[in-house]
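Worksheet: one structure, shown below.
The values are calculated or read from the model by the stated rules, or taken from the named source; none is laboratory data. Note that the structure is a prediction, hence the values are computed from the model and not measured. Backbone-built Cβ (ideal geometry, glycine too); neighbour counts: all protein chains shown.
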Amino acid sequence: MPKNPPGPAPRSRPVLDDVDRAIVTQLLKDGRTPNVELARLAGVAESTCLARVRSLRERGLVTGVIAEVDLARLGLPVQAMVAIRFSGHLRADVDAFAEEVTQLSGVVAAYNISGANDFLVHVASATPEDLRDFVLDNLTGRPGVVSAETSLVFHVNRGQNVLSLD
């Protein structure tokens with residue numbers, strides 16, 4: 001019997017036809033696209049489109065729609081990714097970090113990752129000094145954290161084609 005590879009159990013990919021893909025692709029571009037426009041782009045009736053969107057939500061494929069905001073215009077022009085490394089991998093430390101850090105003002109997102117680092121924390125601040133203070137006051141002194149490496153974000157280019165219709 002073949003041995004399973006390391007890592008999480010394999011998941012089957014959800015079945016998406018061209019209509020579902022067209023809907024999801026458009027929602028990724030603009031989550032506020034009206035149903036009439038979604039239906040036109042997907043080539044289906046409005047009632048069919050509404051049912052498809054409802055199905056995508058019920059199946060957990062569309063989990064929500066969020067606003068993308070211009071952080072600089074909100075007074076937070078300095079963005080950075082802070083790579084965090086733990087001394088060990090105590091589940092309590094990792095879970096507490098993930099829960100607590102996302103509640104901090106200025107944190108855009110926290111990604112638990114594999115590799116040399118354990119987390120990437122996307123932070124926005126008003127000034128470089130505020131960024132430095134945030135990292136020192138909120139990240140480096142946490143239990144288990146042994147390293148925090150900060151990289152400034154100069155520009156963000158969003159992916160335009162997460163789902164291919166090929």
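Within the stretch 75-115, which residues are surrounded by 11 or more Cβ atoms within 10 Å (Cβ to Cβ) and part of a loop (DSSP other than H, G, I, E, B)?
Listed by number, the residues that qualify are Leu76, Pro77, Ser87, Leu90, Thr102, Leu104, Gly106, Ile113.
Identify, by number, the condition in (1) within 15 Å of the chain's Cα centre (by Cα); (2) in a helix (DSSP H, G or I) that Leu136 doesn't meet.
Here Leu136 clears every test but (1).
Tally up the residues in the stretch 141-166 that are under 28 Å from Leu27 (Cβ atoms) and either at pLDDT below 95 or not hydrophobic (A, V, I, L, M, F, W, C) (or both), please.
Count: 12.
Residues are listed down the side, and each one gets a yes or a no for (1) within 30 Å of Leu139 (Cα to Cα); (2) within 16 Å of the chain's Cα centre (by Cα); (3) of a type in the set (Ser, Thr, Tyr); (4) modelled with pLDDT under 90:
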residue: Asn4; (1), (2), (3), (4): no, no, no, yes
residue: Leu27; (1), (2), (3), (4): no, yes, no, no
residue: Cys49; (1), (2), (3), (4): no, no, no, no
residue: Val108; (1), (2), (3), (4): yes, yes, no, no
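Being in a loop (DSSP other than H, G, I, E, B) and of a type in the set (Ser, Thr, Tyr) is the filter here; which residues of the stretch 22-74 pass it? Reasoning before the result, please.
Our first condition is that a residue be in a loop (DSSP other than H, G, I, E, B); within the stretch 22-74, this holds for 30-34, 43-45, 59-74.
Selection gives Thr33, Thr63.
Just give me the residues in the stretch 152-166 being loosely packed, with under 11 Cβ neighbours inside 10 Å and in a strand (DSSP E or B), in sequence order.
Applying the first criterion (loosely packed, with under 11 Cβ neighbours inside 10 Å) to the stretch 152-166 yields 152, 154-162, 164-166.
Once the filter is applied, which keeps residues that are loosely packed, with under 11 Cβ neighbours inside 10 Å and in a strand (DSSP E or B), the stretch 152-166 yields only Leu152.
Looking at (1) surrounded by fewer than 18 Cβ atoms within 10 Å (Cβ to Cβ); (2) β-branched (Val, Ile, Thr); (3) closer than 27 Å to Thr25 by Cα, which is the only condition Thr127 fails?
(3)
Please determine whether any residue of the stretch 125-140 is β-branched (Val, Ile, Thr), modelled with pLDDT under 95 and out of contact with any Cys (no Cβ under 9 Å at 6 or more places or on another chain).
Checked the stretch 125-140: at least one residue is β-branched (Val, Ile, Thr), modelled with pLDDT under 95 and out of contact with any Cys (no Cβ under 9 Å at 6 or more places or on another chain).
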